[in-house]
Amino acid sequence: MNFFKDVFLSLLCLLGSNALPYDNEYGPDYGNEWIMFIDDKGMNHTMDFSTLPTDDRGIMFGDAYFYLYTRQNNESEILNIPDDDSPIISKNFNSSNELKVIAHGWYSGSNAEWVQNFKDIILRTEDANVIIVDWSELADNPIYPWSACSTRYVGKRTAKLLDKFSQANQLNYVHLIGHSLGAHVMGYTGMFTNVTVDRITGLDPARPLFEIPRIGPNFRLDKSDAKFVDIIHTCGGIYGYKRSHGHADFYPNDGKPKQPGCEGVQQVIGGSIPSDTLFQRTCIL
């Protein structure tokens, strides 16, 4: 446990040295020892950096699961990774179409509204193969560092899925999309897979334990993970990346958490990119 204690202490010190980009109403400890977090279901959580774990209580074990959607199948097709050298055979995958892989973030899952909406919008606008990575068994953990550290494992599993899939299917343009911790899952996927990843889109890649404390590019999403990496910053300096790490970085409204539709930033720290054609994350006020 010493490693995780060191991580907690480093993160706590570095958070304390970074001023919040707004007037906070929660007192001097807010942003230094804790941050409010609201998940996709509107539930409140506290990202607590002041309490160090002393044993293994609270650690959750689980795995990642993969679901394929196309215009040909209304219900998801479960993709299982073989334990042997066998390839993954799919009855719905169309090798002529692009492959898009979506990964959710902390305290979220494959059934999150934005994930399902995103999948539906993609399939409405183009005939594509969409794989959703469900790692909720590892992401639904109140001890944030455990979920953060799990991104490497989930990325390796997703990379193995792509490698196995490519043995029996030609992959035509691979686009990985991840939100928050899911963005780092996609970064690890791009780093570990033998498949050519054409593009990774990071939606507010998680900052704690990836950008602060500052670590090497092999442990976070950056431009080396795909042929093209684009990052959208809407909660920069709090939950999301503040610095530019992609080939193209977009900062709507300066990339700060006070985004249109999310006026109550003291009540809810969140980002939104309102759009009826691409992506939407609702801010709970």
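Values in this text are rule-based calculations from the coordinates and carry no lab data. It should be emphasised that the depicted structure is a prediction, and the values quoted were computed from it without experimental measurement. Every residue, glycine as well, gets a Cβ built from its backbone with ideal geometry; the counts of neighbours run over all protein chains shown.
Based on C-alpha pairs under 8 angstrom that are at least 6 apart in sequence, the range 73-185 has a relative contact order of 41 percent.
Can you put E137, E126, E211, E75 in order, fewest other beta carbons within 10 Å first? If you can, show how the numbers build up before the last one.
Working: E137 15, E126 12, E211 20, E75 8.
The order, fewest Cβ neighbours first, is E75, E126, E137, E211.
Taking other Cβ atoms within 10 Å as a rough exposure proxy, M186, M191 sort from fewest to most as M191, M186. Find how many whole Å separate the alpha carbon centroid of the range 117-169 from the alpha carbon centroid of the range 174-246. Distance between centres, Cα-based: 14 Å.
Kindly work out what percent of the DSSP beta bridges joining two residues of the range 118-261 are antiparallel, to the nearest 5. Mind dumping the intermediate values first?
On the way: 1 of 16 bridges.
Antiparallel bridges make up about 5 percent of those DSSP assigns within the range 118-261.
Legend: distances between Cα atoms for K100/K227; K100/K160; K100/K258; K227/K256; K100/K223; K119/K258; pairs beyond 20 Å are K100/K258; K227/K256; K119/K258.
With neighbour counts taken as other beta-carbon atoms within 10 Å, the residues C235, C149 rank, fewest first, as C149, C235.
In percent, rounded to a whole number, the relative contact order of the range 134-261 is 20, using alpha-carbon pairs under 8 Å and six or more apart.
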